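Take a look at the structure below.
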């Protein structure tokens with residue numbers, strides 16, 4: 001990377017910068033380019049955010065540039081940090097369309113979009129992905145107790161990432177969080193009913 005380039009250039013292409021200039025946001029983003037808002041390695045903060053996710057969106061494109069976005073889900077921890085540059089996850093048996101797999105066979109550029117709806121935070125990760133059929137890696141990525149059969153692994157090498165603003169993110173609560181709250185409320189109701197019955201006795 002030379003002195004005139006920035007990590008954010010992966011997103012802020014010349015065409016994008018031209019539009020930022022036209023609509024008045026270029027100065028602010030030019031200043032941001034010189035800060036640590038954009039990184040090209042996995043920090044502890046990003047690793048913790050990844051570890052707490054139970055789903056994400058993976059974008060790929062074929063050789064002609066036709067984009068495709070796929071939702072990936074699993075138990076927390078299914079998207080794993082291998083080292084400071086690589087993420088990986090098990091590619092479970094699904095509907096056998098193989099669009100993502102086919103795209104990556106001819107175009108390794110990929111993008112991961114992580115959402116925390118409860119915390120109203122999002123993380124965007126640019127990089128390159130490759131298919132791995134290494135049995136040891138696949139075994140390592142399969143979360144114990146999760147009923148799905150991994151067929152291969154996808155290894156994602158981070159080129160750049162950025163966490164940005166919570167604007168327009170609707171707060172949503174995971175089912176397991178709601179279940180925990182309801183369980184506590186039900187237990188408290190039972191307790192209060194028991195106390196009430198004792199007073200009437």
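Considering 125, 138, the condition of being crowded, with 17+ Cβ neighbours inside 10 Å, part of a helix (DSSP H, G or I) and in contact (Cβ under 8 Å) with a residue 12 or more places away in the chain is satisfied by 138 alone. Considering (1) out of contact with any strand residue (DSSP E or B) (no Cβ under 9 Å at 6 or more places or on another chain); (2) touching a residue at least 24 places away in the same chain (Cβ under 8 Å); (3) closer than 29 Å to residue 64 by Cα, the lone condition that residue 177 does not fulfil carries the number (3).
Quick one: is residue 114 outside any loop (DSSP other than H, G, I, E, B) and free of Cβ contacts under 8 Å to residues at least 24 places away in the same chain? So residue 114 fails the test. Within segment 44-64, restricting attention to residues that are assigned to a loop (DSSP other than H, G, I, E, B) and in contact (Cβ under 8 Å) with a residue 12 or more places away in the chain, the residue that is surrounded by the most Cβ atoms within 10 Å (Cβ to Cβ) is 53.
Between 90, 63, the distinction of being farther than 23 Å from residue 140 by Cα and touching a helix residue (DSSP H, G or I) at 6+ places or on another chain (Cβ under 6 Å) belongs to 63 only. Look through segment 65-87, keep the residues that are surrounded by 15 or more Cβ atoms within 10 Å (Cβ to Cβ) and without any contact (Cβ under 8 Å) to a residue 60 or more places away in the chain, and return whichever of them is farthest from residue 125 (Cα to Cα). The selected residue is 72.
Okay, residues lined up against (1) within 28 Å of residue 174 (Cα to Cα); (2) out of contact with any helix residue (DSSP H, G or I) (no Cβ under 8 Å at 6 or more places or on another chain); (3) assigned by TED's automatic domain parsing to the domain that holds residue 144; (4) at pLDDT 95 or above:
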{"site": "20", "(1), (2), (3), (4)": "no, no, no, yes"}
{"site": "23", "(1), (2), (3), (4)": "no, yes, no, yes"}
{"site": "29", "(1), (2), (3), (4)": "no, no, no, no"}
{"site": "46", "(1), (2), (3), (4)": "yes, yes, yes, yes"}
{"site": "56", "(1), (2), (3), (4)": "yes, yes, yes, yes"}
{"site": "81", "(1), (2), (3), (4)": "yes, no, yes, yes"}
{"site": "95", "(1), (2), (3), (4)": "yes, yes, yes, no"}
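The values are calculated or read from the model by the stated rules, or taken from the named source; none is laboratory data. The structure presented is a predicted model; accordingly, all values stated were derived computationally and were not measured. Because the Cβ atoms are built from the backbone with ideal geometry, glycine has one as well, and the counts that use them run over all protein chains shown.
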